[in-house]
Structure formats: structure tokens, C-alpha cells
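I have placed the structure first, in the form of C-alpha cells, so that the comments after it can refer back to it.
The values are calculated or read from the model by the stated rules, or taken from the named source; none is laboratory data. Since the structure is predicted, the reported quantities are computational estimates derived from the model, not experimental observations. Cβ atoms come from the backbone with ideal geometry, glycine included; neighbour counts cover every protein chain shown. Calculation scope for accessible area: heavy atoms of the full protein, side chains included, ligands and nucleic acids excluded. Shrake-Rupley method; radii C 1.70, N 1.55, O 1.52, S 1.80 Å.
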Amino acid sequence: MKKRHLLAPGPTQVLPEALLAMARPIIYHRGPEYEALLARVREGLKILFQTKNEVLLFTSSGTGGMEGAVVNTLSPGDRALVIRSGKFGERWGEICEAYGIQPRYIDVEWGRAVEPHLVAAALKADPSIKAVFATHSESSTGVLHDVEAIARIVRATPAILIVDAITSLGVVDLPMDAWEVDVVVGGSQKSLMIPPGLAFCGVSDKAWTVVERSRLPKFYFNFKAERKSLEKNQNAFTPAVSLVVALHESLAAIRAEGLPAVFARHDRLARATRAGVTALGLELFAERPTPALTAVTVPPGIEASAIVKTLRTAHGITISGGQTKVKGKIFRLAHLGYADESDVVVCLSALERTLNDLGYPCKLGEGVRAVQEVLSRAG
Ligand SMILES: *Cc1c(COP(=O)(O)O)cnc(C)c1O
């Protein structure tokens, strides 16, 4: 018998209350029971996004929300600026290009954070840029980008700022109204502790004026149609009812814990994980690490795939390796969503044994001790 631990950066572990809610008989999405539930979900999403505006909900993976953000804000021939610092930043560019938008790119070395002054310079060099696309927590490199600083630059211009917050919402502070971020995209299977299948888009007043004028083709991911339906506690099309029911549970759990406490928990788990891996002599890959996950540089002489495989087969732990450019160079330990101290302790203890088994000698308990030292400190 082996217990399984899912410590990958999505899908993440599902909240037990959400699992139980999904096991109940399905309800009719045009009936009063669903409408009352959706009314509470709308409130919960506004709290999570820290916005007074409606947060739109689509049945798709997170990428659907990203596509929606592109097609509802741009028009043919528009200029866009894309910050490309990993796989998800690249995705913004790919979606733009799929719709005939040729973005200007700010290319950032993987593992590094964008320098916000580069965004200011790009906007100054081309004042016709309509939208800036950024990634808050870049899951492919483990970097947290400084969205607050980027927003300060973009809000002083006519351009709007569109942020992929799929692994940062409910992990680290992102007050969209206060920072004046214009579109914030979230997904269900990361910090929201429910399965994949829902995407969310928070939209600012400034962005809504742009949405009114947008002429790129769209049908399913139509912001105006979705907002109109939500205002009547409806969805434009049949939603993934079971996932909305699960979301109701996870939003309630986040509200009960309180956003500041949720952020503090992720920060502690991240600091503990970083302390654990560095105590084993390993190096962090990200220069500005996200509290959602820890990207670790693979030490010389060891195969990244062997680390991932041994953790899975010998210890029942699923983590992620690197993708595309950093495949074989890093592995990623996630600590977001329904994750707590025990997950980090289990992960580091198994990592110590795995590294020893693979010929990277480390003293058993050294990583775990560093984890415990962080966790036992107050705050
Ligand atoms: C997971 C993730 C996505 C969305 O991917 P989907 O597979 O479409 O849900 C987008 N951006 C980031 C930063 C992510 O971590």
C-alpha cells in the first residue's frame, strides 16, 4: 500500500468538502437552487479577486480565460506587448498570433523576473500599444513577476494590463482594483482546490471600455454576454455545474480562512520548502520565487526525470519536471491550494532519500530540519 501525494503545480489536491459536494446529485442550472448558489459564488469571486466588478466564469481550462482576454480586448491590427519569460508568457504570444495580432515581445531569460522599466520603455517607444500581457506567477520557471510595479507603469497610459494569475490568485496578494490591473485571469485547478475545468476573468472599468470596442472574432468566450447572464445569476451556456458547486465550497473555505491568512500560509510553505532544498545544497532556479511552487536546479550528474520518477514510484509523490527550454534542468515542488505543513515535510523527507538513492549524497534529516525550523518560527 502506498499513499499518493499530489504536489504538482496543477491540478492540485482537491478540498474534501468540494469532493463531497460534487458527489451530490446534480442540480438544474436554470433553477432557483443554482441561481442562489451562483449569487454566492459571484460574491466569493469578487472577494478573491479584490474587485467590485463582476468576475466572469467560463467552462474551460485556464487557457480559455486567456483566449477570452485576448479576443475581448483587441481588434484586428492592434499592437500588443507580451512579456515572455516562460511557457505561459509564450502562450500569451501564441494566442495573439493565432488571432492575427503580431505582438512586440519583451524576452526575459527563463528564471529571471522582468525589469518593469522595460515595460515603460516599450510603451514609450510605441504609444499605439493597446494591451500589455504579463504573467504574475510563471509556473514554468517558478518566478513571481512584479505586477504591482508593472501596473503602476501601465495605468498611466491608455494601454490596459492583462495578467495571467492562474497560479497566483489565492496564493499571493493581487488586489486588482487597488493596483489597477485591467484583466486578471484565473483557473480552477491551482489555488482554488477544485478540479480543472473553470476559468475566471476579472475585468476593470478601463478594460470594459476597451471590450465595448473590441472587434476580434469571439463566440463562446464573450465577456459582454457572460456579464449580462451573470447579472441574472445565470451563465450564458450550460456551465460545468458540478465544478461551480465545488467552487462554492472552496470559496467558502478561502473566506473562512481569510485572504491574508491564505497568503501567509503560502508564504510560510514556500519559505520552508526553499530552506529545505537549499539546506541539501541544491540551488533555486528562480531569482524572485513565487510562493506557489519552488523550482530547483537539478544538480550535476543526476537526471531530472529520475528524481521525478523515484519520488513517484518509491514515495507516491507526484512533482513536476521542467518543460521545454528547462526540461532536464529543473524540477518543481508545488505548495499551493489545499497544501499544508505536512505536505512540505513529506516532500522534503522523500526528496532526501531520493537524492541519496540517485547518488547525490545528503544527510537524511538535514532538509527536513531546515523546513521544521522555518515552520516552528512564529509568522
Ligand atoms: C496552469 C497554468 C495555466 C493554464 O493552463 P491550463 O492547462 O489551460 O489550465 C496558465 N498559466 C499559468 C501560469 C499556469 O500555471
Output ³J(HN,Hα) for region 367-373: one whole-Hz value per residue in order, computed from phi by the Karplus curve 6.51 cos²θ - 1.76 cosθ + 1.60 with θ = phi - 60°, and x for Gly and Pro.
-> x, 5, 4, 5, 4, 4, 5
Relative contact order as a percentage, region 56-111, C-alpha pairs under 8 Å and 6+ apart, gives 36 percent
Angle between the chain longest axis and helix 241-257 axis [Cα atoms, degrees, rounded to 10] = 70 degrees
How high is the relative contact order of region 112-220, given as a whole-number percent (alpha carbon pairs under 8 Å, six or more residues apart)?
-> 20 percent
If the limit is 18 Å between Cα atoms, which of LYS190/LYS329; LYS87/LYS327; LYS87/LYS329; LYS206/LYS232; LYS46/LYS232 go over it?
-> LYS190/LYS329; LYS206/LYS232
Can you run phi through the Karplus equation (6.51, -1.76, 1.60; θ = phi - 60°) for region 174-183 and list ³J(HN,Hα) in whole Hz, with x for Gly and Pro?
-> 8, x, 5, 5, 5, 7, 6, 8, 8, 10
Of all trypsin sites (Lys or Arg not before Pro) in region 1-91, which ones are in loop regions per DSSP and have a Cβ with at most 15 other Cβ atoms within 10 Å?
-> LYS2, LYS3, ARG4, ARG30, LYS52
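For region 13-60, run through the chymotrypsin sites (Phe, Trp or Tyr not before Pro) and keep only the ones in DSSP coil with at most 13 other Cβ atoms within 10 Å of their Cβ.
On the way: sites: TYR28, TYR34, PHE49, PHE58; in loops: TYR28.
In loop regions of region 13-60 (DSSP not H, G, I, E or B), the sparsely surrounded chymotrypsin sites (Phe, Trp or Tyr not before Pro) are TYR28.
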Quote the FRET efficiency, to the nearest 0.05, computed for THR238 versus LYS363 with a Förster distance R0 of 45 Å and r equal to the Cβ-Cβ distance.
-> 0.20
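May I ask you to compute the full-extension gain from ASP340 to TYR28, defined as 0.36 nm times their residue separation minus their alpha-carbon distance, rounded to one decimal in nm? Could you put the intermediate results ahead of the total?
On the way: separation 312, 0.36 × 312 = 112.32 nm, distance 3.49 nm.
That pair, ASP340 and TYR28, stretches by 108.8 nm at full extension.
May I ask you to derive the relative contact order of the chain, considering only C-alpha pairs under 8 Å and at least 6 residues apart, and to give it as an integer percent?
Numbers: 789 pairs, mean separation 89.5, N = 379.
Here the relative contact order equals 24 percent.
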Quick one: Karplus J couplings for region 348-354, per residue in order, coefficients 6.51, -1.76, 1.60, θ = phi - 60°, nearest Hz, x for Gly and Pro?
-> 5, 5, 5, 5, 4, 5, 4
Heavy-atom accessible area of the chain with neighbours in place, 1.4 angstrom probe: carbon+sulfur share in percent works out to 54 percent
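Does the chain come out rounded, prolate or oblate by the C-alpha gyration tensor, with a ≥ b ≥ c the root eigenvalues, rounded set by a/c under 1.5 and, if not, prolate when a/b is larger than b/c and oblate if not? Mind showing how you got there, number by number?
Working: a/c = 2.03, a/b = 1.32, b/c = 1.53.
Oblate, since a/c reaches 1.5 and b/c is not below a/b.
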Difference of contour (0.36 nm per residue) and Cα-Cα distance, ALA149 to ALA98 = 15.5 nm
Sort the following peptides by mean Cβ neighbour count (other Cβ atoms within 10 Å, averaged over residues), highest first: 163-176, 181-194, 267-280.
-> 181-194, 163-176, 267-280
Helix 62-71 axis, angle to the chain major axis (alpha carbon atoms, nearest 10°) = 30 degrees
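Taking 25 Å as R0, compute the FRET efficiency from the Cβ-Cβ separation of GLN323 and LEU19 and round it to 0.05. Present the calculation step by step, with values, prior to reporting the outcome.
Values: r = 28 Å, r/R0 = 1.13.
Computed FRET efficiency for GLN323 and LEU19: 0.30.
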Just the accessible area per residue of the chain, please: how many Å² with a 1.4 Å probe?
-> 41 Å²
